[in-house]
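Reading through the structure tokens given below for one structure.
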Amino acid sequence: MTAQQTFEQLDTYRALVAKQQPSWPDAAALEYAKQELSTQPPLVFAGEVDQLRERLASAARGEAFLLQGGDCAETFEAATADKIRDRVKTLLQMAVVLTYGASMPVIKVGRMAGQFAKPRSSNEETREGVTLPAYRGDLVNGYDFTEESRTADPSRLVRGYHVSASTLNLIRAFTQGGMADLRQVNSWNQGFVSNPANQRYEALATEIDRALRFMDACGVDHTALTQTEFYVSHEALLLDYERPLARIDSRTGELYGTSGHMLWIGERTRDLDGAHVDFLSKLRNPIGVKLGPTASTDDALRLLDKLDPEREPGRITFITRMGAEKIRDVLPGLLEGVRDAGAQPLWVTDPMHGNGITTANGFKTRRFNDVMDELLGFFEAHREVGTYPGGIHVELTGDDVTECLGGSENIDEEALEQRYESVCDPRLNHMQSLELAFQVAEELKR
Ligand code: PEP
Ligand code: MN
């Protein structure tokens, strides 16, 4: 097939309904931005993407565990060295807790370097009688509540690409350049305030340190511990961003999305006949699909038929987000139905998005206990059916924010007023993230 034919096949999505897309006011500026993006180098490489697919295949077989996490919505402003470092450190710490607890390789995937576009329940937002377009993520418009800021601006597509590139560059430096050396396991805790989860982590890190020194004394080669694989992922929502970054791999002639290693389809855009499913079905990347409480076995199987007709190991990750109240009722049937049809996708829990509440003082939040409850429900459902609980997908930050209620610091409704920084959904803070990792490690040990 010629390159032109390959891209013609990719572009069939243009005839289908694409939900959750902005209306760009300036068509010429949009064309310019897309053109500019199409001439930029890929952010990730086909070989890395293939490697992640193989890693995910091992998780689907129960031989590894996926840890996927990061902001609900990254912002350009927060793409600073300190914040990126702390998020990576938090994920590395969680990975250590999980690896040590479960004696299983942990696949680390950030919701990072591209998580800039958000689906919204309404196209508009009204504050004190003023109605403006909803904030759709930094890739589209600004969070500030002014006409100018909320107008969709195509130059943000190009800026988003560059911010993603610098974020990824720093992630690569941190994880390949010494910071992720397992012999530094103790130092990842530094800079975080002293609290119960950090103390528990420190005890674990000291234990690992001793084991490493023992191995050292025995003359074991440590090179495998000095670097770690770290992948990036985001919701492939904004097709005007994803399409120019779809590229043909010169090795094989196949199409890859080069905006991130793993791309996922959100709960609101996973329509079987919609543009997102069609577009992503043409790319070689591992594809995630969010499944909410209304998803039926038939929905899941038809998604597999479209996105993964060959049933390729590691290709599809189903990220379930059922809500703590529903997961025990709905997940076992879904797992059973898919298994009985002979498919073995990777099953991951997102214990965040089914548990949203709004407090009396007006904050969009989640209770840490509900998150934990859904997590436990996920493990119970898999034990019941005999399938593999293959990973977790969480919204988190390395900062000490107060966005989710509860945890051992007992963040209450009033405390939400202190440090609520998310521009979209509430994230677990550093300590809540570690607490969650210890709980998951306990489940994996069972
Ligand atoms: C998200 O991951 O931020 C999100 C919007 O999730 P979902 O598609 O599951 O609602
Ligand atoms: Mn979210």
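Here are the numbers for this structure:
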| read-out | value |
| --- | --- |
| Cβ-Cβ under 7 Å pairs, at least 6 apart or on other chains, the stretch 226-237 side farther than 18 Å from ILE84 by Cβ, far side hydrophobic (A, V, I, L, M, F, W, C) | GLU235/ALA117; GLU235/TRP264; ALA236/LEU263; ALA236/TRP264; ALA236/ILE265; ALA236/LEU280; LEU237/ALA117 |
| Some residue of the stretch 157-174 being buried (at least 23 other Cβ atoms within 10 Å of the Cβ), under 26 Å from GLY288 (Cα atoms) and charged (D, E, K, R) | no |
| Scan of the stretch 374-393 for residues that are within 20 Å of the chain's Cα centre (by Cα) and free of Cβ contacts under 8 Å to residues at least 60 places away in the same chain, ordered by number | GLU374, PHE378, PRO389 |
| Residue list for the stretch 50-94, filter: at positive phi and within 16 Å of ligand 1 (Cβ to nearest atom) | GLY70 |
| Qualifying position, being without any contact (Cβ under 8 Å) to a residue 60 or more places away in the chain, over 23 Å from the mean Cα position of the chain (by Cα) and closer than 24 Å to THR6 by Cα, among ASP305, ASP298, ASP249 | ASP305 |
| Within the stretch 118-157, tally of residues that are away from ligand 1 (no atom under 16 Å from the Cβ) and not in a strand (DSSP E or B) | 18 |
| So PRO309, is it part of a loop (DSSP other than H, G, I, E, B), under 28 Å from LYS282 (Cβ atoms), away from ligand 1 (no atom under 16 Å from the Cβ) and modelled with pLDDT of 95 or more | yes |
| Scope the stretch 83-130; condition within 16 Å of ligand 2 (Cβ to nearest atom) and surrounded by fewer than 24 Cβ atoms within 10 Å (Cβ to Cβ); matching residues | LYS118, PRO119, ARG120, SER121, SER122 |
| Filter result for the condition that a residue is within 30 Å of GLN5 (Cβ to Cβ) and either more than 17 Å from the chain's Cα centre (by Cα) or in a loop (DSSP other than H, G, I, E, B) (or both), over ARG284, ARG268 | ARG284 |
| Members of the stretch 373-408 that are within 16 Å of LYS290 (Cα to Cα) and either part of a loop (DSSP other than H, G, I, E, B) or within 16 Å of ligand 2 (Cβ to nearest atom) (or both) | GLU374, PRO389, GLY390, ILE392, HIS393, VAL394, GLU395 |
| Filter result for the condition that a residue is within 16 Å of ligand 2 (Cβ to nearest atom) and either assigned to a loop (DSSP other than H, G, I, E, B) or in contact with a helix residue (DSSP H, G or I) (Cβ under 9 Å, 6 or more places away or on another chain) (or both), over PRO351, PRO332 | PRO351 |
| Subset of the stretch 252-265 (residues that are within 20 Å of the chain's Cα centre (by Cα) and of a type in the set (S, T, N, Q)) | THR258, SER259 |
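The values are calculated or read from the model by the stated rules, or taken from the named source; none is laboratory data. What you see is a predicted model, and the numbers here were worked out from it, not measured in a lab. Positions of Cβ are backbone-derived with ideal geometry, glycine not excepted, and every protein chain shown enters the neighbour counts.
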